[in-house]
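Right, one structure below, let's go through it.
What follows draws every value from the coordinates through simple rules; no lab data is involved. Owing to the predicted nature of the structure, the values given are computational and were not obtained by experimental measurement. Virtual Cβ from ideal backbone geometry, glycine too; neighbours counted across all protein chains shown.
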Amino acid sequence: MNTAMTDKPIVYDPSDSATMADPFPIYARLREEDPVHWSPSLKSWIISRYTDVRDLLLSDHLSVRRLMQFYSSLPPQDAALLSDIVKYLDLWLAFRDPPDHTRVRRILRHAFTPKAVDAMRPGIEEIVHHLLDQLEERQADRIDLIREFALLVPAYVIMDMLEVPREMLAEFKSWSDDMAVFIGGARNADDKYHRAARGCQKMSSYFREIINERSANPRPGFLMDLINARDEGDQLTEDELVATCILILFAGHETTTNLIGNASLLLLRHPDQLAALRADPALIDGAIEEVLRHDGPTNALVRVVAQDHEIEGRKLREGERVFVMINSANRDPRIFEDPDRFDIRRNPNRHLTFGQGIHVCLGARLAREEGRVAVLELIKRFPDLALDDEPPEWLDAMVPRGTRRLPVRLRG
């Protein structure tokens, strides 16, 4: 290792374009030199080693209820602007601790059973084949794989689940993007509070209307299952239903878009692994798990310190913000042999991408299913698929990890 490089203090700057494109060298330094790193620019702790990340996700020392602390510190004008979005986000499972989290998750599990997700597979396959048919009919070879495929697959799946007409995609994408600059930790977004407030207001109004309409005129479907979901007689309030619909649409399409995009990019950058998958499609399960580990769609999870404690000799104090770096933990050589190698046959593969403990992702099974179908059918349909000369454009965000644009050539 270059001694001159290690003599320099570590500066983790997620807004730096080089770090956005490839954060893994700085993650390696953090793990070795400063695994519990205080970032002055983020005013947050950065936790990078696998064991520390896993243990924190399982512990009571951290809380997910960071929104109200942030909200109470805002100037009155900003607080008024963000009142609606904070109200709904505070009802998301992702931002609730027990006992509220326990109650809501127990109800929601009745709508997210393995049987319910398995029943969605024909719909996922229909959407994927429809989109690939459209790409095949195009004359142009060069496309943005995110905008024309990876984004559309999960967006249509979620919209169909929630009975949102597909022709409303542009509106919902606009609303979701407005919220994403606030929720995803965008570092360079202008006017993000106004955009977030607008996106939330539009989305919450839409879902409140459709929930009221479906309650008055019941018919079978996922939305009706959500409305009717009960556990020991308890059910979601109307505000909780609206918040859950927003969460499913927002988190459900963003995470899976990044999974499909990252999988395509990794396979195209590793032609030996792509050839192995084409020769043996049964490797798709392992391929998706390795994408989730090697460069997964969740870069970090955010928590707040609930009680003072120490990690690696550093004192974390109540109220301080913590980024647990999932993508760094998933490359920790203490856990994974040759962690920087992309290997779709890797076994075991105990990645942390969907979280741990009570906050493990409720939609993980659906995301995996969409990723498997989309990636396998894409490489089957376009055997000469290749990266374009134009480089990918990465998201400017701390939490999600993926490309905003992924230029490819369909026919090599």
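Considering the range 261-312, the residues that are without any contact (Cβ under 8 Å) to a residue 60 or more places away in the chain and not small (Gly, Ala, Ser) include one that is farthest from Leu387 (Cα to Cα), namely Asp308. As for the range 51-60, it holds no residue that is small (Gly, Ala, Ser) and buried (at least 21 other Cβ atoms within 10 Å of the Cβ). Scanning the range 271-325 for residues that are among the charged types (D, E, K, R) and over 30 Å from Gly252 (Cβ atoms) yields a total of 9.
A quick yes/no check of all residues on (1) surrounded by fewer than 19 Cβ atoms within 10 Å (Cβ to Cβ); (2) under 25 Å from the mean Cα position of the chain (by Cα):
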residue: Ala263; (1), (2): no, yes
residue: Leu267; (1), (2): no, yes
residue: Asp272; (1), (2): yes, no
residue: Ala276; (1), (2): yes, no
residue: Leu283; (1), (2): yes, yes
residue: Glu289; (1), (2): no, yes
residue: Leu301; (1), (2): no, yes
residue: Val304; (1), (2): no, yes
residue: His309; (1), (2): yes, no
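Considering the range 27-38, and only residues there that are crowded, with 18+ Cβ neighbours inside 10 Å and in contact (Cβ under 8 Å) with a residue 40 or more places away in the chain, the residue that is farthest from Val305 (Cα to Cα) turns out to be Ala28. The set of residues in the range 232-265 being farther than 22 Å from Phe95 by Cβ and not hydrophobic (A, V, I, L, M, F, W, C) consists of Glu232, Gly233, Gly261, Asn262, Ser264. Would you confirm whether any residue within the range 365-385 is outside any helix (DSSP H, G or I) and of a type in the set (D, E, K, R)? For the range 365-385, residues outside any helix (DSSP H, G or I) and of a type in the set (D, E, K, R): present.
Residue selection: Ile127 satisfies the criterion of being buried (at least 18 other Cβ atoms within 10 Å of the Cβ), β-branched (Val, Ile, Thr) and either in contact with a helix residue (DSSP H, G or I) (Cβ under 6 Å, 6 or more places away or on another chain) or touching a residue at least 12 places away in the same chain (Cβ under 8 Å) (or both).
Within the range 335-364, can you find the residues that are surrounded by fewer than 20 Cβ atoms within 10 Å (Cβ to Cβ), assigned to a helix (DSSP H, G or I) and touching a residue at least 40 places away in the same chain (Cβ under 8 Å)? Result: Gly357, Ile358.
For the criterion of being touching a residue at least 24 places away in the same chain (Cβ under 8 Å) and polar (S, T, N, Q), Ser41 passes.
Across the range 31-51, a minimum of one residue is classified as part of a helix (DSSP H, G or I) and of a type in the set (Ser, Thr, Tyr). Applying the criterion of at least 3 residues that are over 30 Å from Leu62 (Cα atoms) and out of contact with any helix residue (DSSP H, G or I) (no Cβ under 8 Å at 6 or more places or on another chain) to the helices (runs of 4 or more DSSP H) found wholly in the range 208-324 leaves 271-279.
Filtering the range 102-124 to residues that are among the hydroxyl-bearing types (Ser, Thr, Tyr) and without any contact (Cβ under 8 Å) to a residue 12 or more places away in the chain leaves only Thr113.
Name the single residue that is nearest to Asn327 (Cα to Cα) among those in the range 49-105 being in contact with a His (Cβ under 8 Å, 6 or more places away or on another chain) and of a type in the set (A, V, I, L, M, F, W, C). It comes out as Leu57. Where helices (runs of 4 or more DSSP H) fall entirely within the range 71-148, those with at least 3 residues that are closer than 24 Å to His359 by Cα and not β-branched (Val, Ile, Thr) are at 83-89, 100-108, 114-119.
So, Ala329, is that one within 17 Å of Thr51 (Cα to Cα) and surrounded by 19 or more Cβ atoms within 10 Å (Cβ to Cβ) or not? Against the criterion (within 17 Å of Thr51 (Cα to Cα) and surrounded by 19 or more Cβ atoms within 10 Å (Cβ to Cβ)), Ala329 qualifies.
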